[in-house]
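Here the structure is laid out as structure tokens; the discussion comes afterwards.
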Amino acid sequence: MSASLSRRKFLAASAAVTAGSLAAPWVARAQANEITALLITGGPLYPKYWEKIVQDFTAKTGIKVRYDLLEFTPLTSKVVTLSAARSSQYDVYSTHTAQIDSYFNHFAPLNSYFSESELAEFYPVAVKYLSDPKTGNLAAIPRNMDARVQYYRSDVYQEKGLKPAETWEDLVDVGLKLTGNGHYGLVVPGQGDPAQRTFSDLLWQAGGDWVDQANKPAFNSEAGIKALTFYRDLIQKHKIVPPDAVGYQWNENSTELSSGTVYANFDWPGAFATLSNPETSRIVGKWSTAPYIRDKAAISCAISHAMALNGQSGRKEPAVEFIKYTVGPEAQRLQFEQFTNFPSSQVIAKEVIAAAKGPQATWLQQLETTIANGKEWPKLAGFSKVCTLMFSAIEQALTDQVSPSDSLNQAATEAEEIMRRAGAYD
Amino acid sequence: MPPVAQHQVSGRRRRSPLPYTWQRGYLLASPALLVMVAILIYPLGYSFIMSFFRWDLSGSAPFAGVGNYTDELFGRQFNQALRNQTIFSVVSITIEVVAGMAIAVLVNGKLRGMRLARTLLLVPPMIAPAVVGLNFRWLFNTQYGLVDALLRMFNLPEIPWLNHPTWALVSVIIADVWQNTPLMVLLFLAGLQSLPQEPLEAATVDGATPWQRFWHIVLPLMRPVIMIALMLRIIDTFRTFDVVWLMTQGGPGGATNLLTVYSYLLAFQAVDFGHAAAVSYIALGMSLFVLGLLYGIPWLIAKRRAI
């Protein structure tokens, strides 16, 4: 072999292989009935879930789907990078309400692909916050709802004759009675986006909001200062929350309860499955759920994982068919069976609530109440950057570096300037 | 080269269609140059251009002039990151160089167990920064961490390592020092072992103490090695990301936000590539400036002395 391979032939073969490799993705993408998708994963069940969804979809439509799976944070970073590069590598993206305002000009509007009646089936709060408030364009369609309820140690509460907190005052009272001997009555996250979510819930509950009628920052109102002061005091004054919580995000928030160190938290729907599984929980059978706490109002965030169509896609029709399938009744039922993900379709949600029994039925009703009353922070131009500012402002107050009022006032001044520069008031 | 050998070499290459010219050299190097341009020069140039535009995902990217740079230079968050970066770089590098030199002098001696010590010194730099970050995050956890558990065992007060702004910065400096001091030791050890022995022996004969030998002979002779070590660490501290991100994500409240972490947050959280690029280029400019001072000042002093 080596004797017959001349340098010229070797170079020619190398050039051919290189050219073939470079052309392969374009050739593959040229197939009419194939789309590509970048989808979310999280846990061992997700790959099987997507495999089944894609197989069923291909069997029904004949459209093939090549997909990659990524967990939430790397997925977000990749979508940001691909959008900045105006890439058409993927036709479909998994996305989320959290940063949707950054993609309003990159995801193709889905309004024309869904009829009014189809859209009305989804929870209004999800559709509202996935839409561009300026244009009304629907940037993504909700796949499942994310909202939080209270999870608490029913065995410990019963032993001490306590009831789950309903109000802010209850939360402190119950927490003080439970804290001691290496245990804490409550855990809340205190870093980054989770800290902002927690502050946001308290802000709405105290009667405040992020912006006023003119879209100017209003989170430094009396209600905002009250909310951040209460949040800080849970950690620094009442000490019913572990001191390390100022560095906690969602994982630590969940693990503190499931490990048995802490007796209550506010967590997402996935916690129901985690706490029920002996492999991931030390408190199986020892916990229960209750509604989120309230102050002046009973409001907390209601957001959603969603599916979006890449604006650069050259295969929009089959891509939309896939998106529709992933938010359709079969996929939503399967999601609930596999991960107890709360459906984004009101019809399917009512169906699963009606079929549920015992604690699961109670929990689903509590979740539905949260979603029905839920809100999200505004999707104004520049608000993603305001979020980065808020992470720091909230953390500074939680760690007593500055007072809640100083922290919020300074953040509000800077936030207005950021949004002005981003064109929120044009 | 003897004439026969020269003839044989040129005989072997006679079939080449290209003449022996400098153009041929460039032609042969062009694939590698193209790869370098594509993966190094182009992204650098692209991000530099990006730093002069309001570059987010909003569709339009209007020209901002030096607006992104001035926004950041006068911005509170940037200045906090710059302050953190300065403290982090100065304190880490000082400790690493001083401790690195001390340990190098120690392990350069002919004491028992020094060979094992030198081998163990290779371990920290071999560990991925992400692993170091995760380990130190656990070590410094107030509830479950080893460090506070030891403090409690000896009835000493707990330290809020990652929860307090000052201690959080101390924690990331400790992690950085733990990982990078051994690298300094190895560099200094190599330098110490290559020093000429005659001046040291002469000084010993003249009755110099070990400290005098170190201060007046070893240290001046080691200056080129120390300069290289400083240069490497200055470049490195301005690129530090993984350890800090995994330990604190720049918190609490931006107390450990270094320029890299701040730039990452701007790009991937705020989706503001223009400002993120500007921050990266300011950081690059600063590290070049510091390196310029490092090499320029001794050069100027030497020149003045020569005059």
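The values are calculated or read from the model by the stated rules, or taken from the named source; none is laboratory data. Computed from a predicted structure; not experimentally measured. As a convention, Cβ positions derive from the backbone with ideal geometry for all residues, glycine included, and neighbour counts pool all protein chains shown.
Here is how the numbers come out for the structure above:
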read-out: Count - residues of segment B:35-67 that are more than 10 Å from chain A (Cβ to nearest Cβ), among the aromatic types (Phe, Trp, Tyr) and either assigned to a loop (DSSP other than H, G, I, E, B) or under 16 Å from residue A:382 (Cα atoms) (or both); value: 2
read-out: Condition check for residue A:153: buried (at least 24 other Cβ atoms within 10 Å of the Cβ), more than 14 Å from chain B (Cβ to nearest Cβ), charged (D, E, K, R) and in contact with a Ser or Thr (Cβ under 9 Å, 6 or more places away or on another chain); value: no
read-out: Filtered residues of segment A:245-264 (kept if surrounded by 23 or more Cβ atoms within 10 Å (Cβ to Cβ) and touching a Ser or Thr at 6+ places or on another chain (Cβ under 7 Å)); value: A:246, A:247, A:254
read-out: Residue tally, condition within 12 Å of chain B (Cβ to nearest Cβ) and under 15 Å from residue A:308 (Cβ atoms), over segment A:59-77; value: 2
read-out: Only one of A:407, A:384 that is of a type in the set (Gly, Ala, Ser), within 13 Å of chain B (Cβ to nearest Cβ) and closer than 17 Å to residue A:227 by Cβ; value: A:407
read-out: Residue under evaluation residue B:225, criteria (1) over 30 Å from residue B:49 (Cα atoms); (2) in contact (Cβ under 8 Å) with a residue 60 or more places away in the chain; (3) surrounded by 16 or more Cβ atoms within 10 Å (Cβ to Cβ), criterion not met; value: (2)
read-out: Residue within segment A:34-44 that is within 14 Å of chain B (Cβ to nearest Cβ) and under 17 Å from the mean Cα position of the chain (by Cα) present; value: no
read-out: Qualifying position, being farther than 26 Å from residue A:378 by Cβ and in the same structural domain as residue A:156 (by TED's automatic domain parsing), among A:218, A:264; value: A:264
read-out: Residue list for segment A:88-100, filter: at pLDDT 90 or above and within 12 Å of chain B (Cβ to nearest Cβ); value: A:100
read-out: Subset of segment A:237-252 [facing chain B (nearest Cβ under 10 Å) and free of Cβ contacts under 8 Å to residues at least 24 places away in the same chain]; value: A:243, A:244
read-out: Out of A:224, A:208, sole residue that is of a type in the set (Gly, Ala, Ser), assigned by TED's automatic domain parsing to the domain that holds residue A:152, assigned to a loop (DSSP other than H, G, I, E, B) and surrounded by 18 or more Cβ atoms within 10 Å (Cβ to Cβ); value: A:208
read-out: Which numbered condition residue A:80 fails, given (1) within 12 Å of chain B (Cβ to nearest Cβ); (2) of a type in the set (A, V, I, L, M); (3) under 15 Å from the mean Cα position of the chain (by Cα); value: (3)
read-out: Helices (runs of 4 or more DSSP H) contained in segment A:319-421 and holding at least 1 residues within 30 Å of residue A:233 (Cβ to Cβ); value: A:358-372, A:383-398
read-out: Options B:149, B:202; residue that is at pLDDT below 95, in a helix (DSSP H, G or I), on the phi < 0 side of the Ramachandran plot and loosely packed, with under 14 Cβ neighbours inside 10 Å; value: B:202
read-out: Verdict on residue A:277 being farther than 19 Å from residue A:189 by Cβ, surrounded by fewer than 22 Cβ atoms within 10 Å (Cβ to Cβ), of a type outside the set (D, E, K, R) and under 24 Å from the mean Cα position of the chain (by Cα); value: yes
read-out: Which listed residue, of A:126, A:98, A:84, A:108, is in contact with a Lys or Arg (Cβ under 7 Å, 6 or more places away or on another chain) and closer than 19 Å to residue A:381 by Cα; value: A:108
read-out: Which listed residue is out of contact with any Asp or Glu (no Cβ under 8 Å at 6 or more places or on another chain), more than 30 Å from residue A:261 (Cα to Cα) and surrounded by fewer than 18 Cβ atoms within 10 Å (Cβ to Cβ), from B:79, B:84, B:108; value: B:79
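A quick yes/no check of all residues on (1) more than 10 Å from chain B (Cβ to nearest Cβ); (2) of a type in the set (Lys, Arg); (3) touching a residue at least 60 places away in the same chain (Cβ under 8 Å):
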position: A:340; (1), (2), (3): yes, no, yes
position: A:346; (1), (2), (3): yes, no, yes
position: A:350; (1), (2), (3): yes, yes, no
position: A:376; (1), (2), (3): yes, no, yes
position: A:399; (1), (2), (3): no, no, yes
position: A:414; (1), (2), (3): no, no, no
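Residue-by-condition table, conditions (1) closer than 21 Å to residue A:250 by Cα; (2) within 25 Å of the chain's Cα centre (by Cα):
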residue	(1), (2)
A:144	yes, yes
A:160	no, no
A:163	no, no
A:166	no, yes
A:186	yes, yes
A:202	yes, yes
A:217	no, yes
A:227	yes, yes
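Condition check ((1) buried (at least 18 other Cβ atoms within 10 Å of the Cβ); (2) out of contact with any strand residue (DSSP E or B) (no Cβ under 7 Å at 6 or more places or on another chain); (3) not polar (S, T, N, Q)) across all residues:
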position: A:354; (1), (2), (3): no, yes, yes
position: A:357; (1), (2), (3): no, yes, yes
position: A:364; (1), (2), (3): yes, yes, yes
position: A:370; (1), (2), (3): yes, no, no
position: A:391; (1), (2), (3): yes, yes, yes
position: A:404; (1), (2), (3): yes, yes, yes
